[in-house]
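Reviewing the structure listed below.
The values are calculated or read from the model by the stated rules, or taken from the named source; none is laboratory data. Every value quoted in this text rests on a predicted model; they were computed, and no experiment measured them. Counting neighbours? That spans all protein chains shown, and the Cβs are built from the backbone with ideal geometry, glycine included. When the accessible area is computed, the model is the full protein with side chains, heavy atoms only, and any ligands, DNA or RNA have been set aside. Shrake-Rupley method; radii C 1.70, N 1.55, O 1.52, S 1.80 Å.
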Amino acid sequence: MKKGLVLEGGAMRGLFSAGIMDVMLENNITFDGVIGVSAGAAFGCNYKSRQIGRAIRYNKRFARDKRYCSMQSFLRTGDLFGAEYAYHVVPNEYDIFDNETFEQNPTEFWVVCTDVETGEPVYKRCDQGGDVTFDWVRASASMPVVSRVVELEGYKLLDGGMSDSIPLKAFQRRGFERNLVIMTQPRGYVKKPSRLLPVIRLSLRKYPRVVETMQMRHLMYNDQLAYVEQEVRRGNTMAIYPDAALPIGHISHDPEEMQRVYDIGRETGLRKLDDIKSFLDS
C-alpha cells in the first residue's frame with residue numbers, strides 16, 4: 001500500500017505544514033510520495049531532500065530582503081517573489097538545496113500547477129534536483145496577479161491552487177491509497193468567492209479559461225474539503241488542521257510572525273505524532 005503526504009498551499013500559512021514536516025522528519029516518518037501545491041510544493045521539496053528546518057530558516061533570513069519578496073521586485077520584474085533570486089540564487093548559493101539527497105531518496109515528489117490556457121491542473125513528478133525542479137516549484141507557487149506566467153516544458157503555468165487546491169484525489173489516482181493531508185485552514189473553514197476576481201479578470205484577460213476556473217475556485221475548494229472528510233471517515237486518510245486561523249497573512253516580512261506559525265505546526269505535529277504513526281502503520 002503506497003502512502004502519501006498531501007500538502008495544500010496557503011503562502012506563508014505553509015510554515016504550519018513545515019513545522020509538522022520537520023517533526024515527522026525528526027522521527028524518521030517516511031512516505032512513498034509527497035504532492036505539494038504552491039507553498040506546499042515550495043516547502044514540501046525539503047521532505048524529499050530531508051532538510052529539517054530549511055523552510056523556516058531561509059524564510060526568516062530573507063524576510064526583509066527586497067530581492068526575495070517585495071513590491072519593488074513586483075514592479076521591477078512582475079514577480080512579488082523574485083523568480084531568479086528566490087528560486088535559484090537562494091537554493092544554489094545561500095541556503096543550499098541538497099540535490100543529491102533529493103535524487104537518491106526514492107520518495108516520489110509531485111508538484112501541482114495550473115495551465116492558464118486550459119484552466120486545468122498539471123501534475124509534474126520531479127525526480128531530479130536543480131534548476132528545472134526549482135522552476136516547477138516556482139510555477140506551482142506563482143500566485144495570480146502578483147506573478148508572471150511561467151513558461152515551462154510547453155506549458156504556460158501559474159499557481160496550482162487555482163485548479164487543484166487539495167490534490168488528494170490526484171494522488172489516489174496515482175496509486176497512493178493511504179494519505180496524510182496537512183491543511184492550512186482550521187476545520188470548518190468555508191472558502192468564499194475571491195474579492196480579487198475583478199483584478200484577476202483584468203490581469204488574466206488573455207486566458208479566459210483560467211478566469212473561469214478562478215470564478216469557480218471556491219466551489220472546487222469546498223468540494224475538496226468535503227471529500228477529504230469523506231475519506232477520513234472511510235479510514236484511508238488522516239487530515240491535520242490548525243486549531244484556529246493561523247496568525248499570518250499570505251505575505252509576511254516579520255521573522256517572529258513566521259516563527260510563531262512554524263512553532264504552531266511543530267506543536268501540532270508533536271501532539272499528533274502517535275496518531276500519525278498509528279495511521280501509517282495500520
*If you rank S203, S38 by how much accessible surface each has, with a 1.4 Å probe, what is the order from largest down?*
S203, S38
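Where does the chain land at 222 nm, in deg cm²/dmol rounded to the nearest 500, when only DSSP H runs of n ≥ 4 count, each adding -39500 (n - 2.57), divided by all residues? It would help to have the intermediate numbers written out before the result.
Values: 11 runs with 121 residues, N = 282.
Rounded to the nearest 500, it is -13000 deg cm²/dmol.
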*asked:* Please report the spacing between the Cα centers of the stretch 237-264 and the stretch 125-180 in Å, no decimals.
replied: 22 Å
*On full extension of the chain, what length is gained from I251 through L219, given 0.36 nm per residue of separation minus the C-alpha to C-alpha distance?*
9.1 nm
*Antiparallel DSSP beta bridges within the chain, as percent of all bridges there, nearest 5*: 40 percent
_I'd like the accessible area for V89, computed on protein heavy atoms only with a 1.4 Å probe and all protein chains in place. Round to 10 Å², please._
30 Å²
*Hey, in the GNM for the chain with a 10 angstrom Cα cutoff, which one of D254, D159, D22 fluctuates hardest?*
D254
*With no solvent and one equal point scatterer per Cα, compute the Debye intensity ratio I(q)/I(0) for the stretch 136-247 at 0.13, 0.24 Å⁻¹ and report its log10, rounded to two decimals.*
-0.58, -1.36
*Once you sort the root eigenvalues of the Cα gyration tensor of the stretch 137-199 as a ≥ b ≥ c, which label holds: rounded (a/c under 1.5), prolate (a/b larger than b/c) or oblate (the other case)?*
oblate
*About the Cα centre of the stretch 1-127, what is the dipole size in debye to 20, counting +1 per Lys and Arg Cβ and -1 per Asp and Glu Cβ, all else neutral?*
500 debye
*Using the heavy atoms of the protein chains and a 1.4 angstrom probe, tell me the accessible area per residue for the chain in square angstrom.*
44 Å²
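When only the heavy atoms of the protein chains count and the probe is 1.4 Å, how do S165, S278 rank by accessible area, highest first? Please report the intermediate quantities before stating the final value.
Details: S165 5, S278 75 Å².
So the residues, ranked largest to smallest area, are S278, S165.
How big is Rg to Rh over the chain, alpha-carbon atoms, Rh as the Kirkwood inverse-mean-distance radius? Spell out each step's value before the answer.
Details: Rg = 17.4 Å, Rh = 18.6 Å.
When Rh is taken as the Kirkwood radius, the ratio is 0.93.
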*For M214, what accessible area in Å² do you get when you roll a 1.4 Å probe over the heavy atoms of the protein chains, rounding to the nearest 10?*
20 Å²
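Report the full-extension gain for the segment D243 to E26: residue separation times 0.36 nm, less the Cα-Cα distance, to one decimal in nm. Could the numbers behind the result be given before it?
Values: separation 217, 0.36 × 217 = 78.12 nm, distance 2.25 nm.
Roughly 75.9 nm would be gained on extension.
Within the chain, which DSSP H helices have Cα atoms that stretch 30 Å or more along the helix axis and a mean Kyte-Doolittle hydropathy of at least -1.0?
Details: long enough: 255-281 (36 Å, -0.93).
Those that pass (Cα extent of 30 Å or more, hydropathy at least -1.0) are 255-281.
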*To the nearest 0.05, how large is the calculated FRET efficiency for E103 and D274 if R₀ is 41 Å and r is the Cβ-Cβ distance?*
0.80
*Which lysines have a Cα less than 18 Å from the Cα of K48, not counting those fewer than 8 places away in the same chain?*
K2, K3, K124
*lysines within cross-link reach of K66: Cα-Cα under 28 Å, excluding same-chain residues under 8 positions apart?*
K156
*Mind checking which of N236, M214, S140 is farthest towards the positive end of the stretch 115-248's charge dipole, using Cβ charges of +1 (Lys, Arg) and -1 (Asp, Glu) about the Cα centre?*
M214
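Report the gain in length on full extension from E229 to R64: 0.36 nm times residue separation, minus Cα-Cα distance, nm rounded to one decimal. Don't jump to the answer; show the numbers that get you there.
Values: separation 165, 0.36 × 165 = 59.40 nm, distance 3.82 nm.
Gain on stretching E229 to R64: 55.6 nm.
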*Ignoring ligands, DNA and RNA, what percent of the 1.4 Å accessible area of the chain is carbon and sulfur?*
49 percent
*Quick one: give the max-minus-min coordinate of the C-alpha atoms of the stretch 240-282 along each principal axis, largest first, in Å.*
41, 15, 13
*Pick out which of S17, S252, S140 has the largest mean-square fluctuation in a Gaussian network model of the chain, springs linking Cα atoms closer than 10 Å.*
S252
